[in-house]
Amino acid sequence: MFLANVSLFDFRNYAELELALERSATVFFGGNAQGKTNLLEAVALSALTHSPRTQQAAELVRFGQPAARVTCGVQSDAGLKELEVRVSISPTAPSRASRRFTLNGIPKRSADMMGSLRVVLFWPDDLQLVKGPGEGRRRFLNTLLSQIDPDHARELTRYGRLLEQRNALLRAIREGRQPVEGLDYWTDALAESGAAIMVERQRRLLELQPIAAAFHRELSDDRERLDLRYRPAGVRIGEAPQELVSEQLKLAMRDARDEEIGRGQTAVGPQRDDIEVWLDDHEARLFASQGQQRSAVLSLKLAELHYLAEVTGEQPVLLLDDVMSELDPARRERLLAALQPGPQALITAADLNDLPKSILERATVFRVEQGAIHA
């Protein structure tokens, strides 16, 4: 799988762009706020159906314009596919926007787009993945699983809608607008969906664990052992079947009913899970140095890249947004080793001096300036 071309129209600071890409590495360099990250964001939007930078779709549309379009041509063993995302500003509420997706001209739901273009993103913020809050680690796992299995993406969407409805009912019960008896239906539905997500997370993390551990042994010269531990909220999974996990979730939600009504929020379930990263016998988030944490993040990203290729049989596209300057020489070299011959990579840098000659010698290099790309 590789990205053959990208077309942008009124996306961020790009008025219009038509760009053909090579199978190997492409480097985009230039000053800050010129459009380097915007280009990678557009590719990620096509692949993941949402921006990794903002939850406000209206921000993706060039200032003063009513709509934006991103089109990506993806070459795979099955042939050439055209992915398109259109973002349209609401005429009555300029801060709101809708997204529409098509695959080869056929309208699709967002979850049905997943897997059409698989990517591994590595942004500077990802260096906080280990020590940051659990939301980032859940997003890491959700992104990985959704690109492998569109059914998982659809289940996440279903769970999100059920969670929103149950939380709205909890607030209505708290305010005396609805009877508490109506909660059982939503509790059962949410538990069944949540159990499916949790069991799949557990299974995939167990498969990802030895890959991440192997990369970390290389990065640490075999001095540290990395371990990934799934911490589901409110239940104990182990090797329990999905039906049993569902029953545990139902019981946990019923036990926490008074607390949930008081807070107006569901207290257990996959929206509160965490993935702990341990180095030897210590949780990295609490005890690891900054260098150790960065090695752990790099191990996770390399494992994600390797696992996606292993499970799907196709290399994902690697999006590296100005992370080379954030890594020391040893970690930078390990990341570069994964690109030889490796996947197609789109790499941004403020300065070409941030990149080693081994990349520049075989990469196509573009300069980005004020929403335009120059060879």
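Examine region 17-37 for a residue that is assigned by TED's automatic domain parsing to the domain that holds Glu369 and more than 29 Å from Lys357 (Cβ to Cβ), and state whether such a residue exists. The answer is yes, given that some residue of region 17-37 is assigned by TED's automatic domain parsing to the domain that holds Glu369 and more than 29 Å from Lys357 (Cβ to Cβ). Check Ala195, Ala212, Ala168 and return the single one that is in contact with a strand residue (DSSP E or B) (Cβ under 8 Å, 6 or more places away or on another chain) and modelled with pLDDT of 95 or more. From the options Ala195, Ala212, Ala168, the qualifying one is Ala212. Might you check whether a residue that is closer than 30 Å to Lys36 by Cβ, among the acidic types (Asp, Glu), in contact (Cβ under 8 Å) with a residue 24 or more places away in the chain and assigned by TED's automatic domain parsing to the domain that holds Gln147 occurs anywhere in region 291-309? Yes: region 291-309 contains one or more residues that are closer than 30 Å to Lys36 by Cβ, among the acidic types (Asp, Glu), in contact (Cβ under 8 Å) with a residue 24 or more places away in the chain and assigned by TED's automatic domain parsing to the domain that holds Gln147. Please verify whether Arg177 is closer than 23 Å to Thr312 by Cα and not β-branched (Val, Ile, Thr), treating the condition exactly as stated. Considered against the rule, which asks whether it is closer than 23 Å to Thr312 by Cα and not β-branched (Val, Ile, Thr), Arg177 comes out as no. Look at region 19-30: where a residue is within 14 Å of Leu318 (Cβ to Cβ) and a partner is basic (Lys, Arg) and in a strand (DSSP E or B), sitting 6+ places away or on another chain with Cβ atoms under 9 Å, you get Phe28/Arg367.
Only residues that are among the aromatic types (Phe, Trp, Tyr) and closer than 30 Å to Gly291 by Cβ were counted across region 177-217, and they come to 1.
Any chance region 36-50 includes a residue that's surrounded by fewer than 20 Cβ atoms within 10 Å (Cβ to Cβ), without any contact (Cβ under 8 Å) to a residue 60 or more places away in the chain and acidic (Asp, Glu)? No, there is no match, as no residue in region 36-50 is surrounded by fewer than 20 Cβ atoms within 10 Å (Cβ to Cβ), without any contact (Cβ under 8 Å) to a residue 60 or more places away in the chain and acidic (Asp, Glu). Flag set for Leu129, criterion: of a type in the set (A, V, I, L, M, F, W, C), touching a Gly at 6+ places or on another chain (Cβ under 6 Å) and either within 23 Å of Leu302 (Cα to Cα) or modelled with pLDDT under 95 (or both). The residue list Ala345, Ala350, Ala372 contains one member that is in the same structural domain as Leu3 (by TED's automatic domain parsing), buried (at least 18 other Cβ atoms within 10 Å of the Cβ) and among the small types (Gly, Ala, Ser), which is Ala345.
Just so you know, in region 341-375 the residues that are polar (S, T, N, Q) and within 21 Å of Leu3 (Cβ to Cβ) include one that is farthest from the chain's Cα centre (by Cα), and it is Thr364. Looking across region 293-320 at every residue that is of a type in the set (D, E, K, R) and over 19 Å from Arg137 (Cβ atoms), the one that is modelled with the lowest pLDDT is identified as Glu314. Here Glu224 passes the criteria (1) in contact with a His (Cβ under 7 Å, 6 or more places away or on another chain); (2) closer than 30 Å to Asp258 by Cβ except the one numbered (2).
The values are calculated or read from the model by the stated rules, or taken from the named source; none is laboratory data. Since the model is a prediction, treat every value here as computed from it, not as a measurement. Note: ideal-geometry Cβ built from the backbone for every residue, glycine included; neighbour counts use all protein chains shown.
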